[in-house]
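The values are calculated or read from the model by the stated rules, or taken from the named source; none is laboratory data. Given the structure is predicted, the values throughout are model-derived calculations rather than measurements. Cβ atoms come from the backbone with ideal geometry, glycine included; neighbour counts cover every protein chain shown.
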Amino acid sequence: MTRPSAYVAKNTKSHHVVCWLKQGVTSARMMVFLLLTMALITSYQLITWQWQLPIVDLLRPSSSLSIEDMALQLRLLPTMLVALLSGGLLGVVSILLQQLVKNTLASDTTLSVGSGAQMALLLVTLFLPSLGLYGSFWVAFIGAIVSMGTVFLLAMPSRMNPLVLVLSGLVVNILLSAVASLLLIFLF
């Protein structure tokens, strides 16, 4: 029994879409595999460059090592752990930000988070240095929130259209960077 040509055309089209999706999944897995391999290779190179003992000794209790090896162990392990955790958390936060604004182009730079934090730190450093005594984290956090709020206010009339959101973020980013450069030129 022969099938109608419309059925065959529809069936082959969906087959191509499924094959394309499978290729996308395999390429994403390959990318994750390559990134993990690069992270492991660079970590191994860093450890062997600085750690002269066998790598197994890196996980031994610190009290059983010499003072020099203990200092190196207590410097290497926390640094590597913080780098892995902060990199992973930044990736997760970027994905959450993209899902929140429903735009795959959204990032901390396109929504002017980084330039807002930089501008707040610059203003506090130049004009209110006593606020920096309590920590620069809070100053940068407030600057990032204010600049991101400005971007959201500019995109609000368009009902948070993803294109308008990214463009308003880029405009605020350029404006804050220009003001920061102007302050640095005239005050230093």
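Selection over the range 59-91 of residues that are farther than 16 Å from L40 by Cα, of a type in the set (A, V, I, L, M), surrounded by 10 or more Cβ atoms within 10 Å (Cβ to Cβ) and over 17 Å from the mean Cα position of the chain (by Cα) gives a count of 5. Evaluating L165 against the criteria (1) more than 22 Å from the chain's Cα centre (by Cα); (2) buried (at least 16 other Cβ atoms within 10 Å of the Cβ) leaves one unmet condition, (1).
Let's see how each residue does on (1) at pLDDT 90 or above; (2) surrounded by 12 or more Cβ atoms within 10 Å (Cβ to Cβ); (3) at positive phi:
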| residue | (1), (2), (3) |
| --- | --- |
| L96 | no, no, no |
| A120 | yes, yes, no |
| L131 | no, yes, no |
| T150 | yes, yes, no |
| L153 | yes, no, no |
| P157 | yes, no, no |
| M160 | no, yes, yes |
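State the number of residues belonging to the range 33-56 that are surrounded by 10 or more Cβ atoms within 10 Å (Cβ to Cβ) and either β-branched (V, I, T) or not in a helix (DSSP H, G or I) (or both).
First, pick out the residues of the range 33-56 that are surrounded by 10 or more Cβ atoms within 10 Å (Cβ to Cβ): 33-48, 50-53, 55.
From what is left, the residues that are either β-branched (V, I, T) or not in a helix (DSSP H, G or I) (or both) are 37, 41-42, 47-48, 51-53, 55.
So the count comes out to 9.
The residues on offer are V101, V113, V82, and the sole one that is over 30 Å from L187 (Cα atoms), β-branched (V, I, T) and touching a residue at least 12 places away in the same chain (Cβ under 8 Å) is V101.
Restricting the search to the range 133-148, which residues are among the aromatic types (F, W, Y) and either in contact with a Leu (Cβ under 7 Å, 6 or more places away or on another chain) or surrounded by 13 or more Cβ atoms within 10 Å (Cβ to Cβ) (or both)? Passing the criteria: W138, F141. The set of residues in the range 63-72 being outside any helix (DSSP H, G or I) and of a type outside the set (S, T, N, Q) consists of L65 alone. Applying the criterion of being of a type in the set (S, T, N, Q) and more than 20 Å from I174 (Cβ to Cβ) to the residues of the range 92-127, the residue that is farthest from the chain's Cα centre (by Cα) is T125. Checked against the criteria, S107 does not count as in contact with a Ser or Thr (Cβ under 7 Å, 6 or more places away or on another chain) and at positive phi. Scanning the range 107-117 for residues that are touching a helix residue (DSSP H, G or I) at 6+ places or on another chain (Cβ under 6 Å) and either among the β-branched types (V, I, T) or surrounded by 20 or more Cβ atoms within 10 Å (Cβ to Cβ) (or both) returns T110, L111, S112, V113, S115, G116, A117.
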